Amino acid sequence: MSKNNLHTFHIPVMGLAYTIDSPIRVAQYGISSVISIADDELIEKMRLFYSTKFNEPYHEISQKIQDYRAERITSYLNLVDKIVKQKFESFKMELAESKTALENFMAMLPNTSDIKKGFQNLLDDGISFRDNIQNYIESHLSPGAIDVNIMTKLDKDNFDKKTPLPIEFNDAHAALRGFAKSNLDSSVVLSAGMNPRLYSYFENFSDFYPDENNVLKKKIILKVSDFRSAMIQGNFLAKKGLWVSEYRIESGLNCGGHAFATEGLLLGTILEEFRQKKEQLVQSSHEMMIKVLQQKNMFFPKKPLATRITVQGGVGTAEEHEFLLETYKVDSVGWGTPFLLVPEATSVDRETRKLLIDAKEEDLYLSHISPLGVPFNSLRGTSNEILKQKRIQENKAGSSCPKRFLALSKEYGPEGICTAAKKYQDLKLEALENVKQTLSDSEYRKAKDSITEKSCLCVGLANAAYLENNIKIKGQAQGVVICPGPNMAYFDQEVSLKEMVQHIYGNNSVLRTLNRPNIFVKELKMYLEYFGNEIENSAGEVTSNQLKKWNTFKSNLFEGIDYYQNLFESTSYFKPDLENIKEQFNRCKLELTAIKVPEYC
């Protein structure tokens, strides 16, 4: 392991608020995490909170400032960077002065870590311990990365009254500028697909280009669902002279937040393709990149820059963690949902964390509450759900929409409107009433529910941080929205950071349930359910394109099952559950066979 890769796991972005300050909480231990920079209002309030807590000067950046969104993001990231560095320096001093602190830290390191072995050698050589420990710490330890996330679809146009602002003031563009201008030496994670205008905007910032020492001050991470997407996006950026330093593969369904299902491609087959074709991916981008950099008269690296492959979505045991690392040679494994039960790592209010602890499989489901129109992982019984239903019953459906980050529908004007907004829902419900007589009762209820089920994610996904830190919440009560992955059903207790990290590395277990399915079996079953529902719920005449898509989906699932069956015939992992896992694959194959794709008429 290099100095910058102390751990073999990372904490991915979760919602708007759940990892908003995770680096401040965990980076001193070498743990990397990701901050969402979508909500500049939340970011500004967290900057005030932490400036006060750490006695740092604070000057409000109000919305009256022209570039307030980018400046808020830059200022918060700089503050986080400063606090992390301070905490890291204090932590290094503690390690040098206290063997107990050092032993506790060593207990959180991977068993295979050379750094851990080096610390143990120093402890064993008691005579020279104090003479050598400080130098060893300085040369081997560094804080975890303070990475940021931009969901590329959240790139709303902005206006000065009725006048459109230039594209660089779009939400995602301003967020990127905020990160690019910060002091951070870290990465931006781009998720939710390609945004060509945003990707082109990277060219404006020199930190994303390599210097004469082949160093990138700021790096690009692409969250991707399959190899084809990685190749297309990687090459697009390479044609701008930009390098993708990491491809972060996420399960399409077995994850938290928005669920972007693949066309039946399963996680194992996707990882296998990356394992086999990584060199092709790297070489293709390198050749394109250096041509562009030469044309721009910029420094260009003779050899491809470092490229990491990482994975996340549904992992829950040390054995699954090790299997992914060893079988697919990935550089890191993302652990998201389980960390929602670690108060030292994530920002979750007490009431919501209790809901997470009590959640069973049936309480975690794919909903349609997201205004983006993408399936969204949800938890039953949240305060947001209760308040939303109360408004619907009182004929006051919809949100006041104070933040407008998801005001992306242009149906009622160029300025955009969110489908969760009261204004939008009032218009849609009025139109529905005008055609009510032409609909059956069930059709009317279904249409009405599809309008009113949308939730205000901008507020709901931020409120947990306010509640946890006793920050006043203004405006209409929206409660808390939380979006754990299905994996949450198997974690049922609040745990310390040390306990969770030891669980990841197999030195402890925080799981108390015996019925947790294997990561690959779980995802497969989710895809079977998703596929069956897609066919069952299809409305109107089925097109030839839809049938082609379904047949491809089914074929990919069959190929995935065959791949797993062959893989698990020779693996030494997952004993003594291996026979049961193989039987599950057989049952899934029979279930898939029974799902009939309609014939085109």
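The values are calculated or read from the model by the stated rules, or taken from the named source; none is laboratory data. The shown structure was predicted, so the numbers you read here are calculated from the model rather than taken from an experiment. Neighbour counts run over all protein chains shown; Cβ positions are idealised from the backbone, glycine included. To get the accessible areas, we keep the full protein, side chains included, count just its heavy atoms, and leave off ligands, DNA and RNA. Shrake-Rupley method; radii C 1.70, N 1.55, O 1.52, S 1.80 Å.
I need the full set of residues from the stretch 91-147 which are of a type in the set (Val, Ile, Thr) and out of contact with any helix residue (DSSP H, G or I) (no Cβ under 9 Å at 6 or more places or on another chain), in order please.
Residues of the stretch 91-147 of a type in the set (Val, Ile, Thr): 100, 112, 115, 127, 133, 137, 146.
Passing the criteria: Thr100, Thr112, Ile127.
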For the stretch 461-477, pairs from a residue that is free of Cβ contacts under 8 Å to residues at least 12 places away in the same chain to a residue that is open to solvent by less than 70 Å² (accessible area, probe 1.4 Å), with Cβ under 8 Å and 6 or more apart or across chains, are Lys472/Tyr466; Ile473/Asn463; Ile473/Tyr466
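Do we find that Gly256 is closer than 28 Å to Ser367 by Cα, in contact with a strand residue (DSSP E or B) (Cβ under 6 Å, 6 or more places away or on another chain) and in a loop (DSSP other than H, G, I, E, B) in this structure? Spell out how you get there, then give the answer.
Working: closer than 28 Å to Ser367 by Cα: yes; in contact with a strand residue (DSSP E or B) (Cβ under 6 Å, 6 or more places away or on another chain): yes; in a loop (DSSP other than H, G, I, E, B): yes.
Here the answer is yes, as Gly256 does meet what is asked.
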Checking Glu569 against (1) open to solvent by less than 80 Å² (accessible area, probe 1.4 Å); (2) part of a helix (DSSP H, G or I), the condition it does not meet: (1)
Could you please give the count of residues in the stretch 498-527 that are under 17 Å from Val26 (Cβ atoms) and of a type in the set (Lys, Arg)? 1
Got a number for residues in the stretch 48-71 being open to solvent by less than 20 Å² (accessible area, probe 1.4 Å) and within 26 Å of Pro343 (Cβ to Cβ)? 2
Assuming Gly532 fulfils every condition listed in (1) closer than 28 Å to Asn580 by Cβ; (2) outside any helix (DSSP H, G or I); (3) small (Gly, Ala, Ser) apart from one, which condition is it? (2)
Cross-chain or 6+ apart pairs with Cβ under 9 Å, the stretch 362-391 first and in contact (Cβ under 8 Å) with a residue 12 or more places away in the chain and of a type in the set (Asp, Glu), then crowded, with 18+ Cβ neighbours inside 10 Å and in a strand (DSSP E or B): Asp363/Leu379; Glu385/Ser378; Glu385/Leu379
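Mind counting the residues in the stretch 308-329 that are under 17 Å from the mean Cα position of the chain (by Cα), crowded, with 19+ Cβ neighbours inside 10 Å and not in a loop (DSSP other than H, G, I, E, B)?
First, the residues of the stretch 308-329 that are under 17 Å from the mean Cα position of the chain (by Cα): 308-316.
From what's left, crowded, with 19+ Cβ neighbours inside 10 Å: 309-316.
Within this subset, residues satisfying the condition of being not in a loop (DSSP other than H, G, I, E, B) are 309-312.
The qualifying residues number 4.
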Residue that is farthest from Gln389 (Cα to Cα) [pool: residues in the stretch 472-504 that are of a type in the set (S, T, N, Q) and either in contact with a Phe, Trp or Tyr (Cβ under 8 Å, 6 or more places away or on another chain) or part of a loop (DSSP other than H, G, I, E, B) (or both)]: Ser496
Does Ile20 meet the test of being among the β-branched types (Val, Ile, Thr) and within 18 Å of Ile471 (Cα to Cα)? yes
For the stretch 220-246, give me each residue that is among the charged types (D, E, K, R) and either under 22 Å from Gln295 (Cβ atoms) or in a loop (DSSP other than H, G, I, E, B) (or both). Asp226, Lys239, Lys240
Within the stretch 207-232, take every residue that is in contact (Cβ under 8 Å) with a residue 40 or more places away in the chain and over 17 Å from Leu265 (Cβ atoms) and give me the one that is most open to solvent (accessible area, probe 1.4 Å). Glu212
I need every pair where a residue in the stretch 508-534 that is without any contact (Cβ under 8 Å) to a residue 60 or more places away in the chain has its Cβ under 9 Å from the Cβ of a residue that is part of a helix (DSSP H, G or I) and β-branched (Val, Ile, Thr), sequence separation at least 6 or different chains. Asn508/Val501
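Yes/no per residue for (1) charged (D, E, K, R); (2) under 17 Å from Lys522 (Cα atoms); (3) open to solvent by less than 30 Å² (accessible area, probe 1.4 Å):
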residue	(1), (2), (3)
Glu536	yes, no, no
Asn551	no, no, no
Tyr563	no, yes, no
Asn580	no, yes, no
Residue list for the stretch 410-426, filter: open to solvent by less than 30 Å² (accessible area, probe 1.4 Å) and modelled with pLDDT under 95: Gly413
Quick one: count up the residues across the stretch 147-172 that are touching a Leu at 6+ places or on another chain (Cβ under 9 Å), open to solvent by 40 Å² or more (accessible area, probe 1.4 Å) and either assigned to a loop (DSSP other than H, G, I, E, B) or on the phi > 0 side of the Ramachandran plot (or both). 2
I'd like to check something: does the stretch 435-444 contain any residue that is aromatic (Phe, Trp, Tyr), out of contact with any helix residue (DSSP H, G or I) (no Cβ under 7 Å at 6 or more places or on another chain) and over 30 Å from Leu578 (Cβ atoms)? no
Answer yes if at least one residue in the stretch 137-154 is of a type in the set (Val, Ile, Thr), under 27 Å from Ile504 (Cβ atoms) and over 23 Å from the mean Cα position of the chain (by Cα), and no otherwise. yes
Considering the stretch 184-219 alone, what residues qualify as being assigned to a helix (DSSP H, G or I) and aliphatic (A, V, I, L, M)? Leu198
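If only one of Ser139, Ser113 is of a type outside the set (D, E, K, R) and open to solvent by less than 40 Å² (accessible area, probe 1.4 Å), which one is it? Before you say what the answer is, go through the steps one by one.
Working: Ser139 fails: open to solvent by less than 40 Å² (accessible area, probe 1.4 Å).
Sole residue among the options that is of a type outside the set (D, E, K, R) and open to solvent by less than 40 Å² (accessible area, probe 1.4 Å): Ser113.
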Which residue, of Ile24, Ile11, Ile73, Ile31, is among the β-branched types (Val, Ile, Thr) and over 28 Å from Thr112 (Cα atoms)? Ile73
Could you grab me the full set of residues in the stretch 123-136 that are modelled with pLDDT under 90 and either open to solvent by less than 50 Å² (accessible area, probe 1.4 Å) or among the basic types (Lys, Arg) (or both)? Leu123, Gly126, Ser128, Phe129, Arg130
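Just to be sure, is Gly475 surrounded by fewer than 14 Cβ atoms within 10 Å (Cβ to Cβ) and among the small types (Gly, Ala, Ser)? I'd like the intermediate steps shown before the answer.
Numbers: surrounded by fewer than 14 Cβ atoms within 10 Å (Cβ to Cβ): yes; among the small types (Gly, Ala, Ser): yes.
Against the criterion (surrounded by fewer than 14 Cβ atoms within 10 Å (Cβ to Cβ) and among the small types (Gly, Ala, Ser)), Gly475 qualifies.
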